[in-house]
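Notes to accompany the following structure.
Just so you know, all these numbers are worked out from the coordinates, no wet-lab data involved. Treat the numbers as computed from the prediction; the structure is a model and nothing was measured. Quick reminder, even Gly has a Cβ in these numbers, built from the backbone with ideal geometry, and neighbours come from all protein chains shown.
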Amino acid sequence: MKILVVDDYSTMRRIVRNLLDQIGYKEVEEAGNGVEALEKIKATRFDLVISDWNMEPMTGLDLLKEVRGHATLGKTPFIMVTAESKTENVIAAKQAGASQYIVKPFTAETLKAKIASVIA
Amino acid sequence: MSRMLAETRSAIISMAPQSGGTIRLHEAGETLDVVVGETERATLEIMHQAERAQAAAARLHAGTSTDAAADLSEVNEAATAIVMACIFQDITGQRIRKVMTALREMEDRVASLVALLGIESGDLVTAAPAETPLMNGPSSAAEGGLQQGAVDDLFG
């Protein structure tokens, strides 16, 4: 399974990649923001996108909307992983089509469970 | 008028950086940059040591270790290094507290100056915050932040 991890904080990308490796997902690519991620998503088919919210120049929410609006990529599972934990954020992500929403800080078990729920 | 100008001058002078236990205000930004750097370095060190321990544990688990005692020692050494790296929290905490102290002092002095000049709160015009919808950053429970369980409930 090919996974794209999107976060502007390289350490966070490394942490998520490490957790994915421990869970058993070895095919992982990284992007530093929404624009970079969108380019990669259009060039390569990913089975799952795990994205931060608060990034420039394109936020995770805008990336999600772009993916959901795309004719062929629209159904790609998309997990938002963010410190944005207010109700309006969660609702906005759900309305935009997020498959799951994980609040930072999180555990490996939470990530594993959310991935299992979206790829089932 | 002359007395008021003198008092205002004294108030402005008192806003100048103090020597002693606190930092100078203009150093606050630099101090926070140092905190970011120290935190990043500590995190990378912790990640490096964790990956080192995971690799040794994986060899032992898979039965491919050529020296089990050495691999066990590696796991233990990595764990110790992780604990040592966590010392950064104490150091960065102290730096942040210094910045907070400097900001509180500045806030008190600005409040004194505002009172001295007879400025009412209604006179203060604040610039409209930049449009950053839904970009609040981390929120505590008191600030309306949700725990994972509540998020799961919203997602159904």
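For chain A, set up a Gaussian network in which alpha carbons nearer than 10 Å are linked by springs, and say which option among A:Ser51, A:Ser99, A:Ser85 fluctuates the most.
A:Ser85
How many angstrom lie between the C-alpha centres of region B:38-84 and region A:12-66?
Taking the Cα centre of region A:12-66 as reference, the centre of region B:38-84 is 27 Å away.
What FRET efficiency comes out for the pair B:Lys98/B:Ser140, r = Cβ-Cβ distance, R0 = 30 Å, nearest 0.05?
Working: r = 23 Å, r/R0 = 0.76.
After rounding to 0.05, the efficiency reads 0.85.
Radius of gyration and Dmax for chain A's Cα atoms, expressed in Å?
Expressed in Å, the Cα Rg and Dmax of chain A come to 12.7, 34.
Measuring from label point to label point, each 7 Å out along Cα→Cβ, what is the A:Lys86 to B:Ile91 span in nm?
That separation, rounded to one decimal, is 3.5 nm.
As an exercise, use a Förster radius of 45 Å and the Cβ-Cβ distance of B:Leu116 and B:Ala62 to find the FRET efficiency, rounded to the nearest 0.05. Provide the component values of the computation, followed by the final result.
Working: r = 73 Å, r/R0 = 1.63.
Working from the Cβ atoms, E equals 0.05.
What translational D, rounded to a whole number of µm²/s, comes out for the protein assembly as shown from Stokes-Einstein when the hydrodynamic radius is the Kirkwood one over Cα pairs, at 20 °C and 1.002 mPa s? Numbers along the way, then the final one.
Working: Rh = 22.5 Å.
So the translational diffusion coefficient is about 95 µm²/s.
Can you pull the three principal axis extents for the Cα set of region B:26-120, in Å, largest first?
Over region B:26-120, Cα extents along the principal axes are 78, 19, 14 Å.
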